[in-house]
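Structure first, then comments.
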Amino acid sequence: MKTLRAWIFPLAVWALIPLFLAADDLRAWSYIPPVLIALVLAIWVAWHRQQSQSFSAWFRNPDTQLPPLAGGLWEETFADGYHWRRDQEARQRQLSAQILQLRDALQAMPDVVVLMDERGQLVWVNPSGIRLLQLQWPDDVGKPLTFWLRTPDLRAFLMGDGPSSMQLPAPADAQMLLEGVRYPLADAGALVIFRDVTRIRQLEQVRQDFVANVSHELRSPLTVVRGFLENLLDGPLAEDEEVGSQLYLMEQQTLRMQSLVEDLLSLARMEAAEAEPERCDTVLISALVLSLLDTLKPGITEKRLLIHTDLDESLGIFAEQVDLTSILRNLLENAIKYTPMGRSITVRWGQGPDGLRLMVEDTGDGIAAEHLQRITERFYRVDKGRSRRMGGTGLGLAIVRHAVERYHGHLDVRSKIGEGTTFTAQFPLSLARKVSGSADIVIKRS
């Protein structure tokens, strides 16, 4: 109110000055009504300005609780502002409590949780990360993780340019294996979580060793059984209709078991380790495709399939021939098996902007979307009854995926119901080898 009273006197003086200057003129008294109106409006504006300044001063001061007294419409404004501030303070307290709970939960996690900024520098890490990564907190804030973890490809992984996950030994314990996953944040930076997968990898190794050992031990007995069955089928017992049919069925099941054992051994070999450069050769894919198509010609002829090829004859790949043979054979056999009679299969091989591409496209019935994520799992069958009638071990596509991943590639599967399925094996460009035209499948190392 002091501000309002300070404004009234100057306004009244300025309003009466024209009257005194024109006092000798009777018409000057006609200005009194508009001057009074202007004076009232000025007082009204000054009062609202004073209320506005009072509201702003109270609202901006967090230490004040109850609003000052006000009248008219400003009383409701002050009340609304008071309730709004109360709601905001309650929400802020709730948010602060949730942040504290989240921080306590992250600090209690056994996994390593690291928060980085957009430059890959350390912003925050939980106690497990300090212990397993051997960090000094808070002295190491602002330093990049690559300062302590000198692992190949780590920088690309942390910046989001490399693989989506990677494994590395824990600095605090070389026997502990950590698997890191990077989650980019919406605003900037990323959240990286390292999980101890030592026990999981040990169990996986036990499973791989068990499968490999059992498969290896089964190979010799099955070979003996098959040899005796072949002798029996060549002898007089096979002439008996009933006995001969039973012996033939036994031989077919023995062949199926041998195929399963061979596939298990191939899968165990591919899972064991990455390809070794000293075991690799420059393989000419175009010649390998033509050779396998010639081997599979009886099945192609029986179903009257059309085979289209688009092969770069000058492009080879540095890999083990046995792996590429497994990839191509399984993809081609799968395409022949599931392509209806009279339709076509297309095989493509070439170099694209993102790597080497080997594509096998059929025109079969296609695969439903819910099966695509699991189609390369061991023994997974889309239609169990149909797959068993057509034969096969259920390991073909699993072998293909592991063989491709052995060379840091990946297998992509796309399908449309009623149109067919396309399998694309993509390899890094670093494996590309340009060769002169040659009919040889393998060009030996020089």
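The values are calculated or read from the model by the stated rules, or taken from the named source; none is laboratory data. Quick caveat: nothing in here was measured; it's all calculated off a predicted structure. When we count neighbours, we look across all protein chains shown, and the Cβ atoms used for this are built from the backbone with ideal geometry, even at glycine. Remember, those area values only see protein heavy atoms, side chains included, never the ligands or the DNA or RNA. Shrake-Rupley method; radii C 1.70, N 1.55, O 1.52, S 1.80 Å.
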- Query: So which strands (runs of 3 or more DSSP E) stay within region 67-185 end to end and still have 1 or more residues that are charged (D, E, K, R) and farther than 30 Å from Ser52 by Cβ?
  - Reply: 173-184
- Hey, Glu370 hits all of (1) modelled with pLDDT under 90; (2) acidic (Asp, Glu); (3) in contact with a Lys or Arg (Cβ under 9 Å, 6 or more places away or on another chain) but one; which does it fall short on? (3)
- Query: Could you say whether any residue in region 185-205 is under 17 Å from the mean Cα position of the chain (by Cα) and loosely packed, with under 15 Cβ neighbours inside 10 Å?
  - Reply: yes
- Message: Restricting to region 133-143, give me the number of residues that are over 16 Å from Val181 (Cα atoms) and of a type in the set (A, V, I, L, M).
- Response: 2
- Message: Quick check on my filter: what residues within region 153-166 are surrounded by 14 or more Cβ atoms within 10 Å (Cβ to Cβ), touching a residue at least 24 places away in the same chain (Cβ under 8 Å) and within 16 Å of the chain's Cα centre (by Cα)?
- Response: Phe157, Leu158, Met159
- Query: Restricted to region 140-152, and to residues that are at pLDDT below 75 and open to solvent by 50 Å² or more (accessible area, probe 1.4 Å), which residue is nearest to the chain's Cα centre (by Cα)?
  - Reply: Pro152
- Query: List pairs: first in region 305-319 and within 14 Å of Val435 (Cα to Cα), second hydroxyl-bearing (Ser, Thr, Tyr) and assigned to a strand (DSSP E or B), Cβ under 7 Å, 6+ apart or cross-chain?
  - Reply: Gly316/Thr282; Phe318/Thr282
- Task: Give me a count of the residues in region 380-407 that are open to solvent by 50 Å² or more (accessible area, probe 1.4 Å), at pLDDT below 85 and either out of contact with any helix residue (DSSP H, G or I) (no Cβ under 8 Å at 6 or more places or on another chain) or more than 24 Å from Gly299 (Cβ to Cβ) (or both).
- Result: 5
- Item | region 370-382, residues that are free of Cβ contacts under 8 Å to residues at least 40 places away in the same chain, among the hydrophobic types (A, V, I, L, M, F, W, C) and out of contact with any Gly (no Cβ under 9 Å at 6 or more places or on another chain) | Ile375, Val382
